[in-house]
1. May I ask you to sort C299, C238 by Cβ crowding, counting other Cβ atoms within 10 Å and putting the fewest first?
2. Can you tell me what share of the DSSP beta bridges in the chain is antiparallel? A percent to the nearest 5 is fine.
3. Could you tell me how many cubic angstrom of Cα convex hull volume the stretch 220-297 has per residue?
4. Compare the peptides 221-228, 106-113 by average per-residue count of other Cβ atoms within 10 angstrom and give them in order, highest first.
5. Taking only Cα atoms of the stretch 281-336, what ratio of Rg to Rh do you get with Rh as the Kirkwood inverse-distance radius?
6. Where Rh is the Kirkwood radius over the Cα pairs of the stretch 23-135, the temperature 10 °C and the viscosity 1.306 mPa s, what D in µm²/s does Stokes-Einstein return?
7. Send over the Kirkwood Rh of the stretch 7-74, from the inverse of the averaged 1/r over different Cα pairs, rounded to one decimal Å.
8. Which of S44, S295 has the fewest other C-beta atoms within 10 Å, and how do the rest follow up to the most?
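Values quoted throughout were computed directly from the atomic coordinates according to the rules given, and no laboratory measurement underlies them. What you see is a predicted model, and the numbers here were worked out from it, not measured in a lab. So basically every Cβ, Gly included, is an ideal-geometry build from the backbone, and we count neighbours across all protein chains shown.
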Amino acid sequence: MKNFYQRLARPLLFSFDAETAHHLTVGWLRTASHFNLALRALKSFQPPSKPKTVFGLKFPNPIGLAAGLDKNGVALPAWAALGFGFIEIGTVTAKPQPGNPRPRIFRLPAQQALINRLGFNNDGADAIADRLRKLHNSGRWPAVPVGINIGKSRATPLEQAKDDYLYSFRLLREFADYITLNVSSPNTPGLRELQEPKKLSDLLQAIGKEAGATPKPVVVKISPDILPTDLKAILAVCEEHRLAGIIATNTTLDHTSIPPQLDQAGGLSGAPLQEKSTASVREIAGRSTIPVIASGGICDAASAREKFQAGAQLIQLYTGFVYRGPGLLREIMAAM
Ligand SMILES: Cc1cc2nc3c(=O)[nH]c(=O)nc-3n(C[C@H](O)[C@H](O)[C@H](O)COP(=O)(O)O)c2cc1C
């Protein structure tokens, strides 16, 4: 698979702009999701399983697909066939929205990085709930945990954010093994303010009240740009509300490692984020017993090991997967 992806698929994909390549990939995987033969072919590249139980869910391996790659939940069977131990779809917002004007994803190959300012382009909670219901009824639902990442619609004022999250939560929770509250994407104005302890507490309380008879694990995805003192306060809120987990981290607004001529507005991901996001993982794992899902700059076996050594229970891939393809899963699993 390494040879196939790095010799053939990646050069072909990288001959297109980053967003076109993204749509082509997700489109192929969406089509493959309908055909058993195609899924079987993808499965032949799967890494061996290494089951792990975290917040009550059984993961066949600890490597997940990070939010943003399949925002609309169109290719769940294919991601599972490729060997991901869990899949996080979204970010889903209550209202469908087009996101920011293109171009809005930029490759920085020399830095093994991406910059994006997509702005939560997605089909909206209603359409995505319909799609997930159909998949469920079709019998093709994947045999790995599925997380649904929800965020605030751009048109909803920050003061009404809670209602927006609640709307998506009510529609989508029946399909989710866990729900992620995304309060850390840098491309929706004001969103990161929801990390302020009082605002976060209000949001967690509102979601907690909705939990119902069979509560689903709720996790929060945080930014790598939080100051250590603020992180302490956030952790206290998460513990008070008995959060199931924390995803550390989203993309960063710290572009100091990027040459000015390559820089773009947006969230930076990939290798330049690795150290910062590992520092967040280490800080959280050192201060709290809440399980940590690490995301940020995992591009090879060494950077994956670094996250586990810092205290992560699970990891998620985005930018590393774009540069390395499915071979990255095998490489990480072989080194574990
Ligand atoms: C193009 C792109 C789109 C993303 N979209 C989302 C998103 O919708 N929701 C979210 O929580 N994170 C999103 N992310 C962040 C990733 O899930 C991940 O947390 C981040 O990129 C750090 O991991 P990485 O260095 O492995 O890419 C996106 C990242 C990229 C590069």
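1. In order of increasing Cβ crowding within 10 Å: C299, C238.
2. On the way: 13 of 41 bridges.
Beta bridges within the chain, antiparallel portion: roughly 30 percent.
3. Numbers: hull volume 6.1 nm³, N = 78.
Once divided by residue count, the hull of the stretch 220-297 is 78 Å³.
4. The most tightly packed comes first, giving 221-228, 106-113.
5. Here the Rg-to-Rh quotient is 1.00.
6. So the translational diffusion coefficient is about 102 µm²/s.
7. 14.3 Å is the Kirkwood radius here.
8. S44, S295
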